[in-house]
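In what follows, a single structure is set out as structure tokens and then discussed.
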Amino acid sequence: MSSAPSPRPFKLAIVQMTVAGGQREKNLLRAADLIRSAANMGAEVVLLPEAADVGWTYPHSRELATAIPGGEACAAYREFARRHRVYVCAGLTERDGDRVFNAAVLVSPEGEVLLRHRKLNELASAHDVYDQGDRLGVVRTPLATFGLMICADGYVPGHYVGRTLGLMGADVILSPSAWAVRPDHDDARQPYGADWERNYAAVAREFGVWVAGCSNVGRIEGGPWDGYFCIGRSIAVDPAGSTALVGPFGPTAEKVLMLSVTPQPRPARGAGWETYVKAFAVSPAPLPSDPP
């Protein structure tokens, strides 16, 4: 019986994109430009933010939501992936009948939706905007086995979302996100991102996986977070739990960040994880609170 080939490095682009609330056409055009730039820089996988179509918690998200895989936003991402021969992971606002989900997709270079995730751990302030997701999945590709989570899914007590993806065989976990701060936040006094690094590192070390979170930038328009700023500071953590990349901070810090990722051979399988993970157990950081 022949052994599996060793994983090879691939280039991941993490795109800190400006997302304008409610402006789907503008956001899709911006995504098209940034995906093209990432592909020209050699990216094989391109990760975009949460709700990159109309913005997280935009008040009219339920009216603007479109279907997966045939709706306008998803169809556009599929075309971008085909055109540039890259994998594209992006957050979008999904309509499924009378339900609306905070969703993410992974699209192949052929334009096929390989994986869809619906956010599980949504903040209370967004419960009127999005319905509840109810499952997790991974997908094998020639580059890696990918799993998806969205933003606060990475904050679940016990790291259950990330750990479940690890148990399911993920080599790389991609997390479209929308990381926001108050307008008066002083990053010099309170640098943003340490809790995300801590939560990502716990899962990365325990399961030998890469974890990458990509946040958008720009002002949040409307809803409970109106006037807050999404600020980038995207993060990637390697299988040793070390921070491999940190993006710039700020509401105008749009940037394509490039990272070389080498998936790590699986250190355990099934019940074998029980012994392996005990040496790395870390308690999760507390979930960020909704605005007062």
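No lab work stands behind these numbers, since they all come straight from the coordinates. Not measured: the values here are computed from a predicted model. Glycine also receives a Cβ, built like all others from the backbone with ideal geometry; neighbour counts cover every protein chain displayed.
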Original post:
Restricting to the chain, what percent of DSSP beta bridges are antiparallel, rounded to 5?
Top reply: 70
**OP:** Check each of the trypsin sites (Lys or Arg not before Pro) in segment 179-246 and keep only those in coil by DSSP with at most 13 other C-beta atoms within 10 angstrom; list them in order.
**Re:** Arg189
**OP:** Per DSSP H run of n ≥ 4, the term is -39500 (n - 2.57); total these for the chain, divide by its residue number, and report the mean residue ellipticity at 222 nm rounded to 500 deg cm²/dmol.
**Re:** -6500 deg cm²/dmol
Subject >> Only Lys, Arg (+1) and Asp, Glu (-1) charged, at Cβ; the chain dipole about Cα centre in debye >> reply: 880
Original post:
Contour minus end-to-end for Asn40 and Tyr192, with contour as 0.36 nm per residue of separation and end-to-end as the Cα-Cα distance?
Top reply: 51.7 nm
Original post:
Roughly speaking, what is the stretch gain from Arg99 to Ala124, that is 0.36 nm per residue apart minus the C-alpha to C-alpha distance, in nm to one decimal?
Top reply: 7.3 nm
Original post:
Using 1/(1 + (r/R0)^6) with R0 = 35 angstrom and r between the beta carbons of Asp290 and Arg85, what's the FRET efficiency to the nearest 0.05?
Top reply: 0.30
Original post:
At what distance in nm do the modelled label points of Asp226 and Met168 sit from each other, each positioned 7 Å from its Cα along Cα→Cβ?
Top reply: 3.7
Subject >> Isotropically averaged projected area of segment 11-260, using the convex hull of Cα atoms (one quarter of hull area), nm² >> reply: 11.6
Original post:
So what's the gap between the Cα centers of segment 93-158 and segment 228-258, to the nearest angstrom?
Top reply: 20
**OP:** Fewest Cβ neighbours within 10 Å first, please rank His127, His117, His60, His84 accordingly.
**Re:** His127, His60, His84, His117
